[in-house]
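Participant: Take a look at the following structure, please.
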Amino acid sequence: MSSTHPSPAPASRVLVLNSGSSSVKYQLLDMRDERRLAAGLVERIGEQTSRLKHSPLHSGGESRERTGPIADHEAALKAVAEELAADGLGLDSPELAAIGHRVVHGGKHFTAPTVIDDTVLAEIERLIPVAPLHNPANLTGIRTARALRPDLPQVAVFDTAFHTTMPEAAARYAIDVETADEHRIRRYGFHGTSHAYVSRATAKLLGKDPSEVNVIVLHLGNGASASAVRGGRCVDTSMGLTPLEGLVMGTRSGDMDPAVIFHLMRVGGMSADEIDALLNKKSGLIGLCGDNDMREIRRRIDEGDEQAQLAFDIYIHRLKKYIGAYYAVLGRVDAIAFTAGVGENAAPVREAAVAGLEELGLAIDGELNAVRADEPRLISPEYARVAVAVVPTDEELEIATQTYALVAKKS
Ligand code: ADP
């Protein structure tokens, strides 16, 4: 049916919210051209020294800061809404199409981004026992945003969703099946939004469709995880029931014999909470050498610091084991992609991780590896059988893209 009235321009903005226990990170994007209109962060919610930093990117204006107590997430989101409104980007704008929320744990059930209703909220709440730190904060962000704009579609984008394609052989732990099922113990994986984005961007860099390529993605930030992606679908990932499993991270141990925990309980007299804090917050690089920032560790190594060198060597040893393991899982590898803070910036980590793997078709060109750039790029020599890439991740853009695709499809 045609109309003589021009139809209004469809709403094209998406607000992305990443709500942590005491922080909210946000970005407002225009999905017509994926332009970032504003971005910011509220920190130390609930303390006297809360801080909101807002950057009006659309106008190139100066960033603004507010300090002073912000009591809770509701107050934080209201403050964000005020900052956006001051830039003419208010939450009441008809151009706002949806709010996309990062939700850490979607369990087995949520295999794709999902428009949030009361049933979805209840299911995210049911998953709190497997994500006690993250899901409650994510839920608070969702509830607050819904109260502010009850009429607006809100979409949950799950960190676990990309990994729900893992076969049972990769997703199950080899423990008693009944016990595992009763407590929903299985390998869920995290950082999925990043692994999805980076594996797709790597295929694009190779000029191929994601369905045609097998990629090992190494997301190396403060948290770190690897994934094996076959034809665009995740077939294995290194984080498990929680983000503690897998690679050596900034403050997490990654893989170890689970019996270390019984030993610490029985012989060390430590409680479950103490061991939890030890393995999640005081292990990994910081536990090994006192620093979790790769820049600082490299600086110390350059000065001849042996403890920093050992921490680096343990980090690389584990990384290499995962490259080898995922090579075997995939059978054929077209590319390895490094991403996140360490993966995008630390050339020595990339060099050391791939060193000695020439027989697997892996090599790095030293000059290309030394280049610093914000664009996806190849760092392997032309002759290498497997491409090695540096692909900056963009979880906010991926959340906005998935949110917008879902909302545009429904309208
Ligand atoms: P997360 O999102 O997990 O907090 P990021 O992906 O932002 O982490 O990565 C943060 C880490 O990246 C820092 O802890 C630091 O180790 C590393 N990093 C950032 N910039 C550099 C750099 N220029 N060189 C080496 N490492 C860097």
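Participant: Once you treat every alpha carbon in the stretch 237-281 as an equal point and sum by Debye, what is log10 I(q)/I(0) at q = 0.17, 0.20, 0.29, 0.30 Å⁻¹?
Facilitator: -0.46, -0.63, -1.08, -1.12
Participant: Still on this model: Among the listed pairs LYS204/LYS320; LYS208/LYS321; LYS53/LYS282, which have their C-alpha atoms separated by more than 31 angstrom in this model?
Facilitator: From the list (LYS204/LYS320; LYS208/LYS321; LYS53/LYS282), the Cα-Cα distance tops 31 Å for no pair.
Participant: Packing-wise, with mean Cβ within 10 Å as the measure, how do 105-116, 236-247 rank, highest first?
Facilitator: 236-247, 105-116
Participant: For the stretch 187-311, just list the percent of Cα-Cα distances falling in each 5 Å bin from zero outward, please.
Facilitator: For the stretch 187-311, the binned pair fractions read 2, 11, 17, 16, 15, 14, 12, 8, 3, 1, 0, 0 percent.
Participant: Which net charge results for the neighbourhood of VAL235, defined as the other residues with beta-carbon distances under 13 angstrom from its beta-carbon, given Lys and Arg at +1 and Asp and Glu at -1?
Facilitator: Around VAL235, the charge tally is +2.
Participant: Also, quick follow-up: Suppose every K and R has +1 on its Cβ and every D and E has -1 on its Cβ; what is the size of the dipole of the stretch 154-275 about the Cα centre, in Debye to the nearest 20?
Facilitator: Result for the stretch 154-275 is approximately 520 debye, rounded to the nearest 20.
Participant: How are the alpha carbon pair distances in the stretch 48-100 distributed across 10 Å bins from zero to the largest one, expressed in percent?
Facilitator: That works out to 22, 50, 25, 2, in percent per bin.
Participant: Could you give each residue of the stretch 258-267 its phi-based ³J(HN,Hα) in whole Hz, using Karplus coefficients 6.51, -1.76, 1.60 with θ = phi - 60°, and x for Gly or Pro?
Facilitator: x, 5, 4, 5, 5, 4, 5, 6, 7, 9
Participant: With a ≥ b ≥ c the root eigenvalues of the C-alpha gyration tensor of the stretch 55-131, is it rounded (a/c under 1.5), prolate (a/b larger than b/c) or oblate?
Facilitator: It is prolate, given that a/c is not under 1.5 and a/b is the larger ratio.
Participant: Once all Cα-Cα distances of the stretch 63-212 are split into 10 Å bins that start at 0, what whole-number percent is in each one?
Facilitator: With a bin width of 10 Å, the distribution comes to 10, 30, 30, 21, 8, 1.
Participant: If you don't mind, there's one more thing I want to ask. Let me test this: with uniform point scatterers at the alpha carbons of the chain, what is the Debye-based log₁₀ I(q)/I(0) at q = 0.06, 0.11 1/Å?
Facilitator: For the requested q values the scattering log ratios are -0.26, -0.89.
Participant: Which value, in Å to one decimal place, does the Kirkwood hydrodynamic radius take for the stretch 335-411 when every pair of different Cα atoms is included?
Facilitator: 13.8 Å
Participant: Here is a further query. Excluding ligands, DNA and RNA, what is the solvent-accessible area per residue of the chain at a probe of 1.4 Å, expressed in Å²?
Facilitator: Details: 19550 Å² over 411 residues.
I get 48 Å² per residue for this part.
Participant: May I pose another question? Rounded to whole Hz and in sequence order, give me ³J(HN,Hα) for the stretch 329-343 from the Karplus expression 6.51 cos²θ - 1.76 cosθ + 1.60, θ = phi - 60°, writing x for Gly and Pro.
Facilitator: Those phi angles translate into 4, 7, x, 10, 10, 8, 7, 10, 10, 9, 8, 6, x, 6, x Hz.
Participant: Now, a different point. Could you look at the chain and say what percent of its accessible area is carbon and sulfur, using a 1.4 Å probe and all protein chains?
Facilitator: Result for the chain: 52 percent of the exposed heavy-atom area is carbon or sulfur.
Participant: Could you order LEU121, LEU378 so the one with the most accessible surface comes first? Probe is 1.4 Å.
Facilitator: From most exposed to least exposed: LEU378, LEU121.
Participant: How charged is the neighbourhood of THR144? Take every other residue with its Cβ under 9 Å from the Cβ of THR144, and add Lys/Arg as +1 and Asp/Glu as -1. Walk me through the numbers on the way to the answer.
Facilitator: On the way: positive: LYS78, ARG143, ARG146; negative: ASP72, GLU74.
With Lys, Arg at +1 and Asp, Glu at -1, the net is +1.
Participant: If Lys and Arg each add +1 and Asp and Glu each add -1, what is the summed charge of the other residues whose beta carbon sits under 12 Å from the beta carbon of GLY221?
Facilitator: That sum, taken over residues with Cβ under 12 Å, equals -2.
Participant: Sticking with this one: Can you say what percent of the DSSP beta bridges in the chain, counting only those with both residues inside, are antiparallel? Round to 5.
Facilitator: Counting DSSP beta bridges with both partners in the chain, the antiparallel share is about 65 percent.
Participant: Calculated FRET efficiency, GLU303 and LEU133, Cβ-Cβ r, R0 41 Å, to nearest 0.05?
Facilitator: It comes out at approximately 0.70.
Participant: What ranking, highest mean first, results for peptides 269-282, 167-180, 394-407, 314-327 when packing means the other Cβ atoms within 10 Å averaged over each residue? Write out the running numbers ahead of the final one.
Facilitator: Values: 269-282: 14.0, 167-180: 11.6, 394-407: 22.4, 314-327: 19.2.
Highest to lowest by the protection proxy: 394-407, 314-327, 269-282, 167-180.
The values are calculated or read from the model by the stated rules, or taken from the named source; none is laboratory data. Since we're looking at a predicted model, the values are computed, not measured. When we count neighbours, we look across all protein chains shown, and the Cβ atoms used for this are built from the backbone with ideal geometry, even at glycine. Each accessible area value is taken on the protein alone, full model and side chains, heavy atoms only, with ligands, DNA and RNA left out. Shrake-Rupley method; radii C 1.70, N 1.55, O 1.52, S 1.80 Å.
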